[in-house]
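S.K.: Please read through the structure below; I'll follow up with questions.
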Amino acid sequence: MLKIENLNKKFKNFEIKDVSFELKKGYIMGFIGPNGSGKTTTIKLIMNLLKKDSGSIEVFGKDNIKFEREIKDRIGFVYDEGYFYEDLTIKQMKNIVAPFYTQWDEKLFKKYMKDFSLDETQKINKLSKGMKMKFALAIALSHNADLIIMDEPTSGLDPIFRREILDILYSIIQDENKSIFFSTHITTDLERIADYITFIDEGKIVFSKEKDLILESYAVVKGGNEDLTPELEKSLLGFRKTNVGFEALTDDKNMIRDLLGEDVLIEKPSLEDIMFYIARRQ
Amino acid sequence: MLNLIRKDFLVTYSNKFAFYMLLLLIPLLLFFIDNFDSNTSFMYSVLTFVFISTRTPFAYDMKDKPHLFIQSLPVTKTDIVISKYISIFVNFLIGSIFTTLYISFLSLFNLLDISVLKFSTVIFTLSVSIFLVSISLPAEFMFTPKMSNLINIIIYVIFLNFFIIGDNRILNFINIFSDYRIGIGLILVLLYFSSMVLSIVLYKNRKFY
Amino acid sequence: MKIIISNSSTDPIYEQISSQIKSMIIKGELHVGDSLPSIRGLARDLQVSVITTKRAYEELEKEGFIETMQGKGSFVAMQNKGLLKEKKLKIIEDKLLEVVKESRLLGIDYNEIEEMLKILFEEV
């Protein structure tokens, strides 16, 4: 569905280098990374809001620039901010947007309006952030899009809203012909729902794998400072030392278990742990 | 393409702004009655109208950045640029119709004489509109909204001064214009299309968004 | 049908799913031919990823507990009576192995274990 190969883009102070990953039909991919790591830039390159320096971006198997209109017709896109015409009403905004899509489904849109408790006659500048997000989502879902791309859709929303949006994503993915690509720095949202995770840091891809495999191959190690020998330090992926002990990330929990056994606590990592330690290391 | 033009139209006229704009044409005309006749009034108000209504959508882009949203729709940057260039004519049509109506209305009170309005004036105004907008649009696509705003105000003021010189010069100008209309027409077409190509290139390569 | 996932358990989620379904089949709570929830529907109900449920089902299919038919879904497979008994015994064997290991660590001998089993079988 979405295939990026060796994407490069250089700015004055920042660079996206050799970014490659792939998302197949029917899955949800979470795109994580610290602020400023290149998440939004990558998404803007996919949507051709920015011009790439080199590399290939294919959506639905087609080049994203040569077939821009065709591709965007099948993409539902949600920004972190609304970027709507604030002085218009929802209905007016919708009337501007709908004719652009060949498969606009008015009935479906009305259904989402109802499900999200949104009033068509409301002015957009009177909507809360959460409601704007839901409106954006309603638009993205009302033209039979096969790929939903979301750039930080849940930041700034309260946890209840965030759960609601996740529920919506779950219902979308019931159709195995659709895919969702979702960038966020709120990793707890992804921990449950994502099938794949792509982690970008400082413009480079750290990994792009099945979420289950990631959570299984890494582990958090907690122990006393006496156990933290220099060789051990080297083999860890990042650690944090305090007065009362250390906490570290490893990608080889068996080795740690054999080495230190009962002296340390080995725990399942969260995506946040993984992101934190790996980003720290660079 | 049509959708983009429609979008600009809806955005501009969906709220009170357009209403006030069209209403403003009357006082504008009235203001110049003593100095100008129908022809100059027509020129002045239509030019102002075209200039402002072509630029209004960009002003909205500055405020809420909806151009980012529009670019996520099935359109290319080329489509967006071309639609702006086509909207010159749409806005000219609307401005001309309303201005003519207002002048006719004012004629009833003998404030202006609609019968004096010549067709050549309309053509001239159209040409100047094309000229004006062809210069101002690339600036919109190249610079940040704040910067292009500044540049366009400067362009407008320069043109303003040119017209407030007096209506005799204008009438002479229009006559000269008619004589060389084929040559000038070609130059205008060239300018229009090169400006369009320039805008497309500038917009595609713009580093910010 | 009841499947409950523990987030704090060290067992991977797909394993929790497959072992719970496994035991339901072995205990007879699920019968041959019963249909299982779709991979995506289950992912949604448990709020886990589709790949997780897919993996659980794949394991169950590998071990012969279920079979999946393209377009129709997954069903409890015909269980060979002998194999079923074998699977049941394996579950007990695994648990007993843990008991034996732990006993060795703690220094408890076979006779004490036998006594304990006798009492437990009478009480429970």
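S.K.: Does A:Ile28 fit the bill of being within 12 Å of chain B (Cβ to nearest Cβ), out of contact with any Phe, Trp or Tyr (no Cβ under 6 Å at 6 or more places or on another chain) and within 22 Å of A:Ile214 (Cβ to Cβ)?
M.R.: Numbers: within 12 Å of chain B (Cβ to nearest Cβ): no; out of contact with any Phe, Trp or Tyr (no Cβ under 6 Å at 6 or more places or on another chain): yes; within 22 Å of A:Ile214 (Cβ to Cβ): yes.
Here the answer is no, as A:Ile28 does not meet what is asked.
S.K.: Do we have B:Leu93 as free of Cβ contacts under 8 Å to residues at least 24 places away in the same chain and farther than 30 Å from B:Lys207 by Cβ here?
M.R.: Values: free of Cβ contacts under 8 Å to residues at least 24 places away in the same chain: yes; farther than 30 Å from B:Lys207 by Cβ: yes.
Criteria met by B:Leu93.
S.K.: Step by step: first the residues of the stretch A:191-240, then only those that are closer than 29 Å to C:Glu15 by Cα and β-branched (Val, Ile, Thr), then the one that is nearest to the other protein chains (Cβ to nearest Cβ). Which residue is that?
M.R.: Among those that are closer than 29 Å to C:Glu15 by Cα and β-branched (Val, Ile, Thr), it is A:Ile193.
Conditions (1) surrounded by fewer than 20 Cβ atoms within 10 Å (Cβ to Cβ); (2) within 14 Å of another protein chain (Cβ to nearest Cβ); (3) not aromatic (Phe, Trp, Tyr), marked per residue:
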position: C:Ile3; (1), (2), (3): yes, no, yes
position: C:Ser9; (1), (2), (3): yes, yes, yes
position: C:Glu15; (1), (2), (3): yes, yes, yes
position: C:His31; (1), (2), (3): yes, no, yes
position: C:Ser38; (1), (2), (3): yes, yes, yes
position: C:Thr52; (1), (2), (3): no, yes, yes
position: C:Glu58; (1), (2), (3): yes, yes, yes
position: C:Glu61; (1), (2), (3): yes, no, yes
position: C:Gly71; (1), (2), (3): yes, yes, yes
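S.K.: Considering only residues of the stretch A:68-104 that are in contact with a Lys or Arg (Cβ under 6 Å, 6 or more places away or on another chain) and at the interface with chain B (Cβ under 7 Å from one of its Cβ atoms), which is surrounded by the most Cβ atoms within 10 Å (Cβ to Cβ)?
M.R.: Within the stretch A:68-104, the match that is surrounded by the most Cβ atoms within 10 Å (Cβ to Cβ) is A:Ile96.
S.K.: Still on this structure: Looking only at the stretch A:245-280, filter to residues that are in a loop (DSSP other than H, G, I, E, B) and not β-branched (Val, Ile, Thr); which one of those is farthest from A:Gly30 (Cα to Cα)?
M.R.: Ranking the qualifying residues of the stretch A:245-280, first place goes to A:Asp252.
S.K.: Continuing with the same structure: Since A:Ala138 meets every condition but one in (1) part of a loop (DSSP other than H, G, I, E, B); (2) open to solvent by less than 10 Å² (accessible area, probe 1.4 Å), which condition does it not meet?
M.R.: If we test A:Ala138 against (1) part of a loop (DSSP other than H, G, I, E, B); (2) open to solvent by less than 10 Å² (accessible area, probe 1.4 Å), just (1) comes out false.
S.K.: Can you work out which of the residues in the stretch A:160-189 that are touching a helix residue (DSSP H, G or I) at 6+ places or on another chain (Cβ under 6 Å) and within 9 Å of chain C (Cβ to nearest Cβ) is surrounded by the fewest Cβ atoms within 10 Å (Cβ to Cβ)?
M.R.: A:Gln174
S.K.: Pairs, please: C-beta under 7 Å, at least 6 apart or cross-chain, first residue farther than 19 Å from B:Asp64 by Cβ and in the stretch A:114-126, second of a type outside the set (A, V, I, L, M, F, W, C) and open to solvent by 90 Å² or more (accessible area, probe 1.4 Å)?
M.R.: A:Glu120/A:Lys91; A:Thr121/A:Lys91
S.K.: When you scan the stretch A:36-51, do you find a residue that is away from chain B (no Cβ under 14 Å), open to solvent by 10 Å² or more (accessible area, probe 1.4 Å) and without any contact (Cβ under 8 Å) to a residue 60 or more places away in the chain, even just one?
M.R.: yes
S.K.: Restricting attention to the stretch B:1-27, and to residues there that are away from chain A (no Cβ under 13 Å) and open to solvent by less than 50 Å² (accessible area, probe 1.4 Å), which single residue is modelled with the lowest pLDDT?
M.R.: Per the stated criteria, the residue is B:Ile26.
S.K.: Same structure again: Of everything in the stretch A:105-125, what is within 20 Å of B:Leu68 (Cα to Cα) and either away from chain B (no Cβ under 14 Å) or of a type outside the set (Val, Ile, Thr) (or both)? Give them in sequence order.
M.R.: Answer for the stretch A:105-125, where residues must be within 20 Å of B:Leu68 (Cα to Cα) and either away from chain B (no Cβ under 14 Å) or of a type outside the set (Val, Ile, Thr) (or both): A:Lys123, A:Asn125.
S.K.: Determine, yes or no, whether A:Phe11 is at pLDDT 90 or above and of a type in the set (A, V, I, L, M, F, W, C).
M.R.: So A:Phe11 fails the test.
S.K.: So, one more: Aromatic (Phe, Trp, Tyr) and open to solvent by 30 Å² or more (accessible area, probe 1.4 Å): which single residue out of A:Phe21, A:Phe11, A:Phe31 fits that description? Please lay out each step first, then the result.
M.R.: Numbers: A:Phe21 fails: open to solvent by 30 Å² or more (accessible area, probe 1.4 Å); A:Phe31 fails: open to solvent by 30 Å² or more (accessible area, probe 1.4 Å).
Step by step, each of A:Phe21, A:Phe11, A:Phe31 is checked, and only A:Phe11 is aromatic (Phe, Trp, Tyr) and open to solvent by 30 Å² or more (accessible area, probe 1.4 Å).
S.K.: Tell me which residues, restricted to the stretch B:155-183, are surrounded by 12 or more Cβ atoms within 10 Å (Cβ to Cβ), farther than 22 Å from B:Val90 by Cα and modelled with pLDDT of 75 or more.
M.R.: Scanning the stretch B:155-183 gives a single hit, B:Arg181.
S.K.: Still on this model: Specify which of the listed residues (B:Leu101, B:Leu47) is under 10 Å from the mean Cα position of the chain (by Cα) and assigned to a helix (DSSP H, G or I).
M.R.: B:Leu47
S.K.: Scan the stretch A:122-135 for residues that are open to solvent by 20 Å² or more (accessible area, probe 1.4 Å) and in a helix (DSSP H, G or I) and report the count.
M.R.: Initial filter on the stretch A:122-135 (open to solvent by 20 Å² or more (accessible area, probe 1.4 Å)): A:122-123, A:125-126, A:128-129, A:131-132.
Subsequent filtering for residues that are in a helix (DSSP H, G or I) retains A:125-126, A:129, A:131-132.
Final tally of qualifying residues: 5.
S.K.: State yes or no: is A:Val244 aliphatic (A, V, I, L, M), away from chain C (no Cβ under 14 Å), open to solvent by 60 Å² or more (accessible area, probe 1.4 Å) and more than 30 Å from A:Leu141 (Cβ to Cβ)?
M.R.: On the way: aliphatic (A, V, I, L, M): yes; away from chain C (no Cβ under 14 Å): yes; open to solvent by 60 Å² or more (accessible area, probe 1.4 Å): yes; more than 30 Å from A:Leu141 (Cβ to Cβ): yes.
Judged against the criteria, A:Val244 is a match.
S.K.: Does the stretch A:91-107 include one or more residues that are within 22 Å of A:Phe21 (Cβ to Cβ), among the hydroxyl-bearing types (Ser, Thr, Tyr) and not in a helix (DSSP H, G or I)?
M.R.: Within the stretch A:91-107 (the criterion being within 22 Å of A:Phe21 (Cβ to Cβ), among the hydroxyl-bearing types (Ser, Thr, Tyr) and not in a helix (DSSP H, G or I)), the answer is no, since none of the residues qualifies.
S.K.: Considering every residue within the stretch B:64-81, establish whether at least one is away from chain A (no Cβ under 13 Å), surrounded by 18 or more Cβ atoms within 10 Å (Cβ to Cβ), in a helix (DSSP H, G or I) and not charged (D, E, K, R). Write out each step before concluding.
M.R.: To start, the set of residues in the stretch B:64-81 that are away from chain A (no Cβ under 13 Å) comprises B:81.
With surrounded by 18 or more Cβ atoms within 10 Å (Cβ to Cβ) added as a condition, the list becomes B:81.
Right, trim to in a helix (DSSP H, G or I) and you get B:81.
Keeping just the survivors that are not charged (D, E, K, R) gives B:81.
So far as the stretch B:64-81 goes, yes, one or more of its residues are away from chain A (no Cβ under 13 Å), surrounded by 18 or more Cβ atoms within 10 Å (Cβ to Cβ), in a helix (DSSP H, G or I) and not charged (D, E, K, R).
S.K.: OK, next. Is one or more of the residues making up the stretch A:256-274 exposed (fewer than 15 other Cβ atoms within 10 Å of the Cβ), at pLDDT 90 or above and more than 15 Å from the chain's Cα centre (by Cα)?
M.R.: No, the stretch A:256-274 has no match at all.
The values are calculated or read from the model by the stated rules, or taken from the named source; none is laboratory data. In this text the structure is predicted, and so the values were computed from the model without any measurement. Backbone-built Cβ (ideal geometry, glycine too); neighbour counts: all protein chains shown. Quick note on the areas: whole protein, heavy atoms, side chains included, nothing else; ligands and nucleic acids left out. Shrake-Rupley method; radii C 1.70, N 1.55, O 1.52, S 1.80 Å.
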